[in-house]
Structure formats: C-alpha cells, structure tokens
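> The structure under discussion is supplied below as structure tokens; questions concerning it will follow.
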Amino acid sequence: MTDWSWTPPPELNAEQRMIDVGEAPGETQLETVIAGPKDSGRIAVCLHGFPELNISWRHQIPLLAGKGYRVYAPNLRGYGASSRPKGIGNYHIDKLTADVGGLMDAARAEAEAAGTPATEMLLMAHDWGGAVAWDFAINRVRPIDRLVMCNMPHPATFVRALRTSRAQKKKSWYILFFQIPKLPEWLLGRNGADPIRRVFRDTATNPDQFPPEVLDVYANAAARPGALTAMINYYRAAARSRGRMAEVGDMQVDTRTLLIWGTGDTALGMETVDGIEDYVPNIRKEFLPGISHWVQQDAPAEVNALIADWLAAQDAA
C-alpha cells in the first residue's frame, strides 16, 4: 500500500494513483492526485515547485475540475512517494520534461479509454514546476494548448536578470548554497524538517493560508529518506547544464499563456519578467501586489478568479 504524501479531503472527490511515466513499467512512477470528470476531453496537468507537493494546488484543483477538466496533479520525481532515483544526472531538465510527457500520455490514454479523446491540454505550473513547464513548451515535448505560469519567469529573461541585476543575484544566493554537498540537506532536515515549515511560514504574505496541517505535509515529505537530496538535486543538475540555453533555438513559446505574479516574491524580482513578451507573444500578465512567491496558495481566491476569467476569455475567443 502506498504511503501517500497528502490525502485530499472527501469534498474534492479525488483519487490517488501511482502513474507510470517511464519507458518501462515501474521504471518511473509519479504519485498523482486526479480529479474531475473521467469522460472529459479537457486535461489539466499541475506541476508544483520547491519545496512543495501537489497539495500546493489544493485550491486550484476544484476550480479546474468544476470547469470540466480532468486534473492530474503529480508529485514530481524525488518528491513524496514518487520515484526517487539516485544521482544528480537523474534530475536533469530532460528527465523532468520526459516525466511530464509520460504523464500526459497516460492522461490521454485514460481519456481515450473513457470514450472521450483528449481535445485540450492545459499545463499549469509554479516555481520549479514552472521551469519544467517553460522547457517543455520551448522544446515542444508534447502539444499543449494553454499554459498558466505562477511566479516563474521565462528562462531567457531570468538568465538576463541574473546577469544584469545585482538585486536578483542577491536573491538567488541559495542556488549557489545548494551546490554544497550534504550541508543544505542537514540544515533543512533538522528537527523533522521543521525549516521547511518556516520557509512558508516566514515568507508568506498571508500565513493563515498555511495552517499547521498543510505545513506538516510538506515537512513530513521532506523528512523521507533521500527526499531532500533529490529535491536539491534539481538545482545541482541545473547548475551543471548552463549550456542548455544554447540548445533550444529562439526560446519562443507560441502557446497561449497566463502569467500570474505575486510582487512580494523574495526569491524572484520583477526584473526577471522584463521583456517576456519577446519570447511569449501570446501572453497575459497579471500582478498581485504584495503577494508572496507562493502565490496560488497565498492568495487563492484572487488567483482562481484570474484563471477563471482567462479561461472564459479564451473559450469565448
């Protein structure tokens, strides 16, 4: 029996499943929460960030399901009960996007089996999930119809800000810190990974949106053997892939995109999205003043209203 990281409340009417996303059965599995009508041809995949889990979409899953989407919210590799391969190389961006492609394939197959072939693919992401989603869209790993990004800049504008903004360099100090072997895991894993709780509690604009039972889910998942090393290996693999920018051509994203940004983000400055239209011409930008990096959890009502309005406008177009 799987030791689930988060059990959705009954009112969400969701199921949990380990979904095969690798080339061979059982090779790579993602712990996934699934909600929404089984016979829907509209599929939504929600990718969480660091140090989060699929519970970070607890407010958006019912919104999307209520709008007729079949929602798949996985824990990315290394997180929760999902597969946790050893070695930094197993967290290279190509591995991460391949997992998402495998999940989409599984979702499309389930829709086909239910008698309603997939007609739309919506990809929603935040933070590290956003980095994966941007790369996924740039490289067109699978077709996607809509992209919703929460507080994660396009990689080209982010790299430019790192090069030109002293403020952003200071904010990104932790990326260098995470390159140190073992020390970050020890610091974040102390006292049952209580520092993970403080990451949210101390930086949220509305800490009441992060009750103890939610913080416990994050801390308990991070305290699993090997979890913190896997989570931090995302940063270590990225640091070893600096040439990635030269491999992806013009970096263009043609997908219809909604960017939701909390301006109180302590990790990412506003300058990281300057000029994003040059790479994502079909983008709508929405800014929530003072809201933290954890935008979809910190201001769920505002974020859901923006998503609902954008989806309705897209449907009407």
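> Within segment 33-48, track down each residue that is surrounded by fewer than 24 Cβ atoms within 10 Å (Cβ to Cβ) and of a type outside the set (Asp, Glu).
Selection gives Ile34, Ala35, Gly36, Pro37, Lys38, Ser40, Gly41, Arg42.
> I'd like the full set of residues that are out of contact with any helix residue (DSSP H, G or I) (no Cβ under 7 Å at 6 or more places or on another chain) and closer than 17 Å to Gly130 by Cβ, limited to segment 161-190. Full working, then the answer.
At the first step, the residues of segment 161-190 found to be out of contact with any helix residue (DSSP H, G or I) (no Cβ under 7 Å at 6 or more places or on another chain) are 163-164, 166-167, 170-171, 173-174, 176, 180-183, 186, 190.
Of everything in segment 161-190, those that are out of contact with any helix residue (DSSP H, G or I) (no Cβ under 7 Å at 6 or more places or on another chain) and closer than 17 Å to Gly130 by Cβ turn out to be Lys171, Tyr174.
> Still on this structure, I have one more. Just need a number here: residues in segment 206-215 that are open to solvent by less than 60 Å² (accessible area, probe 1.4 Å) and either in contact with a helix residue (DSSP H, G or I) (Cβ under 8 Å, 6 or more places away or on another chain) or among the basic types (Lys, Arg) (or both). Give the steps one after another, and end with the answer.
Going through segment 206-215, the residues open to solvent by less than 60 Å² (accessible area, probe 1.4 Å) turn out to be 206, 209-211, 214-215.
Filter once more, so that each one left must be either in contact with a helix residue (DSSP H, G or I) (Cβ under 8 Å, 6 or more places away or on another chain) or among the basic types (Lys, Arg) (or both): 206, 209-210, 214-215.
Qualifying residue count for the region: 5.
> I would also like to ask the following. Among the residues of segment 153-169, count how many are open to solvent by less than 30 Å² (accessible area, probe 1.4 Å) and touching a Gly at 6+ places or on another chain (Cβ under 6 Å).
Here the count works out to 2.
> OK, next. State all residues of segment 18-57 that are of a type outside the set (Val, Ile, Thr), more than 18 Å from Glu110 (Cα to Cα), in contact (Cβ under 8 Å) with a residue 60 or more places away in the chain and not in a strand (DSSP E or B); if no residue qualifies, say none.
Residues satisfying the conditions are His48, Gly49, Phe50, Pro51, Glu52, Leu53, Ser56, Trp57.
> In addition: Can you go through Arg236, Arg284, Arg256, Arg224 and tell me which one is touching a Gly at 6+ places or on another chain (Cβ under 8 Å) and of a type in the set (Lys, Arg)? Full working, then the answer.
Numbers: Arg236 fails: touching a Gly at 6+ places or on another chain (Cβ under 8 Å); Arg284 fails: touching a Gly at 6+ places or on another chain (Cβ under 8 Å); Arg256 fails: touching a Gly at 6+ places or on another chain (Cβ under 8 Å).
Matching residue, one of Arg236, Arg284, Arg256, Arg224: Arg224.
> Filtering segment 1-30 down to residues that are of a type in the set (D, E, K, R) and over 25 Å from Pro143 (Cβ atoms), which residue is surrounded by the most Cβ atoms within 10 Å (Cβ to Cβ)?
Start the filter on segment 1-30 by keeping residues that are of a type in the set (D, E, K, R), which leaves 3, 11, 15, 17, 20, 23, 27.
Pick out the ones that are also over 25 Å from Pro143 (Cβ atoms) and you get 3, 11, 15.
Working: Asp3: 9, Glu11: 7, Glu15: 11.
Looking at residues that are of a type in the set (D, E, K, R) and over 25 Å from Pro143 (Cβ atoms), I get Glu15.
> Can you tell me which residue within segment 64-99, out of those that are assigned to a loop (DSSP other than H, G, I, E, B) and aliphatic (A, V, I, L, M), is surrounded by the fewest Cβ atoms within 10 Å (Cβ to Cβ)?
So the first thing to find is which residues in segment 64-99 are assigned to a loop (DSSP other than H, G, I, E, B), and the list is 67-69, 75-87, 92.
Among the residues that remain, those that are also aliphatic (A, V, I, L, M) are: 76, 81.
Working: Leu76: 28, Ala81: 21.
Out of the qualifying residues, it is Ala81.
> Related question: Of everything in segment 275-311 that's assigned to a loop (DSSP other than H, G, I, E, B) and among the aromatic types (Phe, Trp, Tyr), which residue is farthest from Pro207 (Cα to Cα)?
Step one: list which residues in segment 275-311 are assigned to a loop (DSSP other than H, G, I, E, B), which gives 275, 279-282, 289-294, 299.
Narrowing the set further to residues that are among the aromatic types (Phe, Trp, Tyr) leaves 279, 294.
Working: Tyr279: 34, Trp294: 10 Å.
Looking at residues that are assigned to a loop (DSSP other than H, G, I, E, B) and among the aromatic types (Phe, Trp, Tyr), I get Tyr279.
> When you go through (1) open to solvent by less than 50 Å² (accessible area, probe 1.4 Å); (2) acidic (Asp, Glu); (3) under 18 Å from Val295 (Cβ atoms) one by one for Asp202, which number turns out not to apply?
Here Asp202 meets the rest and fails (1).
> If you don't mind, another one. All but one of (1) farther than 18 Å from Arg58 by Cα; (2) under 20 Å from the mean Cα position of the chain (by Cα); (3) not charged (D, E, K, R) hold for Ala193, so report the exception by its number.
Here Ala193 meets the rest and fails (2).
> Can you say whether Asp105 is part of a helix (DSSP H, G or I), surrounded by 18 or more Cβ atoms within 10 Å (Cβ to Cβ) and acidic (Asp, Glu), as far as the supplied structure shows? Show your work before the answer.
Values: part of a helix (DSSP H, G or I): yes; surrounded by 18 or more Cβ atoms within 10 Å (Cβ to Cβ): no; acidic (Asp, Glu): yes.
Considered against the rule, which asks whether it is part of a helix (DSSP H, G or I), surrounded by 18 or more Cβ atoms within 10 Å (Cβ to Cβ) and acidic (Asp, Glu), Asp105 comes out as no.
The values are calculated or read from the model by the stated rules, or taken from the named source; none is laboratory data. These numbers come from a predicted model, not from an experiment. Don't worry about glycine lacking a Cβ; one is built from the backbone with ideal geometry, like all the others, and counts go over all protein chains shown. Heads up: the accessible areas ignore ligands, DNA and RNA and are worked out on the full protein's heavy atoms, side chains in. Shrake-Rupley method; radii C 1.70, N 1.55, O 1.52, S 1.80 Å.
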